[in-house]
Amino acid sequence: MDQKFEKVVACKSRVGESPVWDGDRSTLYWTDVHAQKISAFRTSSGERKEWVLPERIGSFGLTDDDRIIVALTSGVHLFDPNSGDLVFLVDPEPNRAGDRNKNRLNDSKVGPDGAYWVGSMHEDGLSAALYRVTADGYSQIKAGGLGTVNGLAFSADGRTMFHSDSRQCWIDRYDLDPSSGEISNRRRIANPQERDGRPDGAATDVEGRYWSAGVSAGVLNCFSSHGELLQSIKVPPLHPTMPCFGGDDMRSLYFTSLRRPDAASPDCGDIFMMRVEVPGVPVDRFKTAP
């Protein structure tokens, strides 16, 4: 049976990324990275809002006090969409502040431990890293030797973490202690290449499957928790960037996309949704109290 897609927002983002579902408000958030903009779409009413921030946005998550934790060019900040206040929390890579065009924070997700997990991307080699950020402004490096950190996602029981490297084209899995944020037992589970769909952003469902945006092949790839490719779904935009589960039943799979100057498809840069059988794992909120 052919998969059905719904175009949710015709936003024509240059680099649409980081879709985040707010179940309390039935609202989908996302960013257009280079436009320095966070947008919100309330699915129940069609209402849209947007906020322009002073720097390029890598990604973001929601907090337990209704703010947004966001990875900007200069580091991790807390943004209040009601007041517009932007509070600096920490720069995980202060030694690289001199060239933010080549080195910046990229993908992120709030973990089941209440911390903000955020990775960087470096154009000067495999010197990027994955960090764990807490409310006291402490940033701890959790994995190094990376090119472009992407695909952060966590299992339903909070005991498994996944992430990908879009430059090196692999997906890794870790054991996670959600009480302490410690990770261990790292193993490589998949090596999707350009023709398969270079791994970009990702999300997990409650049965442990890992849904990865194959940005180079116009597909969403669904892997088992051990890396077996279960399904590869061709999608309308040529370059999907990140999926996120939402809706009242968490069975709506939204995904962002990017638009290149020579875009051959009118769908590039827009946000789509498809219905799936298995609900997604709700993403946690950042704990603002240490």
Against the condition over 19 Å from Asp136 (Cα atoms), of a type outside the set (A, V, I, L, M, F, W, C) and surrounded by 16 or more Cβ atoms within 10 Å (Cβ to Cβ), how does Glu17 come out, does it pass? yes
Quick check on Ser212: is it out of contact with any Ser or Thr (no Cβ under 9 Å at 6 or more places or on another chain), of a type in the set (Ser, Thr, Tyr) and closer than 18 Å to Val278 by Cα? no
Condition first: among the aliphatic types (A, V, I, L, M) and farther than 27 Å from Arg159 by Cα. Can you find one or more residues in the stretch 106-122 that meet it? no
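Conditions (1) open to solvent by less than 20 Å² (accessible area, probe 1.4 Å); (2) free of Cβ contacts under 8 Å to residues at least 24 places away in the same chain; (3) over 19 Å from the mean Cα position of the chain (by Cα), marked per residue:
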site: Cys222; (1), (2), (3): yes, yes, no
site: Gln231; (1), (2), (3): no, yes, yes
site: Asp248; (1), (2), (3): no, no, yes
site: Leu253; (1), (2), (3): yes, no, no
site: Val281; (1), (2), (3): no, no, no
Which residues, counting only those in the stretch 86-104, are at pLDDT below 95 and surrounded by 15 or more Cβ atoms within 10 Å (Cβ to Cβ)? Glu93, Arg96, Arg100, Asn103, Arg104
Residue that is nearest to Gly119 (Cα to Cα) [pool: residues in the stretch 55-85 that are open to solvent by less than 10 Å² (accessible area, probe 1.4 Å) and either among the hydroxyl-bearing types (Ser, Thr, Tyr) or at pLDDT below 95 (or both)]: Ser59
I'm told Cys268 meets every condition in (1) of a type outside the set (Asp, Glu); (2) crowded, with 19+ Cβ neighbours inside 10 Å; (3) modelled with pLDDT of 95 or more; (4) not in a strand (DSSP E or B) except one. Can you identify the failing condition by its number? (3)
Apart from one, (1) open to solvent by 10 Å² or more (accessible area, probe 1.4 Å); (2) assigned to a loop (DSSP other than H, G, I, E, B) all hold for Pro237; the odd one out is (1)
Which one of the conditions (1) modelled with pLDDT of 95 or more; (2) in contact with an Asp or Glu (Cβ under 8 Å, 6 or more places away or on another chain); (3) open to solvent by 50 Å² or more (accessible area, probe 1.4 Å); (4) within 25 Å of Pro243 (Cβ to Cβ) does Lys12 fail to meet, given that it meets all the rest? (1)
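The values are calculated or read from the model by the stated rules, or taken from the named source; none is laboratory data. Please read all numbers here as calculations on a predicted model, not as lab measurements. Please note: Cβ atoms are built from the backbone with ideal geometry, for glycine as well, and neighbour counts cover all protein chains shown. Keep in mind that these areas ignore ligands, DNA and RNA; they rest on the heavy atoms of the full protein, side chains included. Shrake-Rupley method; radii C 1.70, N 1.55, O 1.52, S 1.80 Å.
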